[in-house]
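Here the structure is laid out as structure tokens; the discussion comes afterwards.
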Amino acid sequence: MLQAGTKAPSFTLEDKDGNMISLSDFEGRKVVLYFYPKDNTPGCTKQACAFAANFEKFRTLDVAVIGISKDSAASHQKFAQKYNLPFILLSDPQLEAIQAYDVWQEKKLYGKTSMGVVRTTYIIDENGNIEKVMPKVKPDTNAAEILAYLADGE
């Protein structure tokens, strides 16, 4: 897991509309960068919908919200349309950002061990440094916890 106070790894990935988005595009703004396992699964849908429900609050604070998974851009587009998600979803099938942010880890489910994305959120400051690391977040409370942190941390 990356540590607060370190430089956030740069990346350039495709969004749901086929645009290439880089972390450096958001210099001068805080970024909520959340990694999640898979589009349209119960936990990931809860998490995305919670970010969508709070999107105006993030926008008021001038905070960009970016979700990253290894799903394709086409999958992201369907996911965003189905749940009316107003924030950026980036596709990382080659695991570039996922591995750079150390969220590709061994997971155990029903006694089986496999590699996968561990649900993790990073808050990146205006200078591109990791301000806060939130490992193994709960999907339904993650957005609210971030807003509470931003309100206290300002």
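The values are calculated or read from the model by the stated rules, or taken from the named source; none is laboratory data. Since we're looking at a predicted model, the values are computed, not measured. Cβ coordinates were reconstructed from backbone atoms using ideal geometry, including for glycine residues, and neighbour counts include every protein chain displayed. The area values use the complete protein model at the heavy-atom level, side chains included, leaving out ligands, DNA and RNA. Shrake-Rupley method; radii C 1.70, N 1.55, O 1.52, S 1.80 Å.
Using a 1.4 angstrom probe on heavy atoms only, work out the carbon and sulfur share of the accessible area of the chain in %.
Values: 3850 of 7900 Å².
After summing per-atom areas, the C and S share lands at 49 percent.
For the stretch 1-44, the normalised intensity computed at q = 0.15, 0.16, 0.27 Å⁻¹ comes to -0.54, -0.61, -1.16 (log10 of I(q)/I(0), Debye sum over alpha carbons, equal scatterers, no solvent).
Kirkwood radius, the stretch 35-86, all distinct C-alpha pairs, inverse of mean reciprocal distance: 11.3 Å.
Solvent-accessible area per residue in the stretch 22-154 equals 50 Å², computed with a 1.4 angstrom probe and all protein chains kept. Normalised by residue count, the chain yields a Cα convex hull volume of 104 Å³ per residue. Modelled this way, with points 7 Å down the Cα-to-C-beta line, the labels at Ala148 and Thr41 are 2.5 nm from one another. Sorting 1-10, 15-24, 107-116, 122-131 by their mean Cβ neighbour count within 10 Å, with the most densely packed peptide first, gives 122-131, 15-24, 1-10, 107-116.
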